[in-house]
């Protein structure tokens, strides 16, 4: 077996997945092939020059971030039909795509980057594109109507910094579904190699701290659940669901 490589590692090496965790998910979903043969196990050994491809996707949305939001909505049993929402950290638009698919009336897609939102979402009249716009500086000119739902999948910033302003646009009884990412909430000394937080005690403390902050904003935290998929490099993430009291 000299010179052979695990299939999941080879998928990452070829740029077909961003992490081994993601590569393993693709294999287990039956989407990874070498030639005409389906790869059966992530640990299957392949030659370094073996043909390799990923066929199809394991989700129907513009990005796999949609898997996280769909899971949270299903877990909470939330119907978003007719809702007006803010998607904080919209990026490619996985969360926005899920909301539209489930009947949202309008989504304000907010992101400090540019040219990331998928074309099909840019073209959708229900989407208000707010690119190159930090959620921390939103004004009524950006969000001119009461908001029923805030969703958030932000990176490189803690939720207390990125959510304070968006939450101010919500109506009474609004809902919140936000992704807690310990790697952006924990202390620098708690983040390990590759930017990964592995200590369950740190995960628990971070979730408690974010929940306490959300509660202090006048919201009731109803659930904190693990995300169904990990973030980059295998970071464990959590979904926080809350109601505005």
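The values are calculated or read from the model by the stated rules, or taken from the named source; none is laboratory data. Here the structure is a predicted model, which is why all the values come from computation and not from measurement. Cβ: placed from backbone, ideal geometry, glycine included. Neighbour counts: every protein chain shown.
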Taking the residues in the range 16-27 that are modelled with pLDDT under 85 and more than 16 Å from residue 55 (Cβ to Cβ) as candidates, determine which candidate is surrounded by the fewest Cβ atoms within 10 Å (Cβ to Cβ).
18
Within the range 19-30, does at least one residue satisfy the condition of being at positive phi and either in the same structural domain as residue 116 (by TED's automatic domain parsing) or not in a loop (DSSP other than H, G, I, E, B) (or both)?
no
Inside the range 109-126, can you point out the residues that are in a loop (DSSP other than H, G, I, E, B) and in contact with a strand residue (DSSP E or B) (Cβ under 7 Å, 6 or more places away or on another chain)?
117, 126
Could you tell me whether any residue of the range 38-57 is touching a strand residue (DSSP E or B) at 6+ places or on another chain (Cβ under 8 Å), closer than 27 Å to residue 240 by Cα and touching a residue at least 24 places away in the same chain (Cβ under 8 Å)?
no
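Okay, residues lined up against (1) over 25 Å from residue 104 (Cα atoms); (2) touching a residue at least 60 places away in the same chain (Cβ under 8 Å); (3) surrounded by fewer than 18 Cβ atoms within 10 Å (Cβ to Cβ):
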site	(1), (2), (3)
130	no, no, no
144	no, no, yes
148	no, yes, no
156	yes, no, yes
172	no, yes, yes
216	yes, no, yes
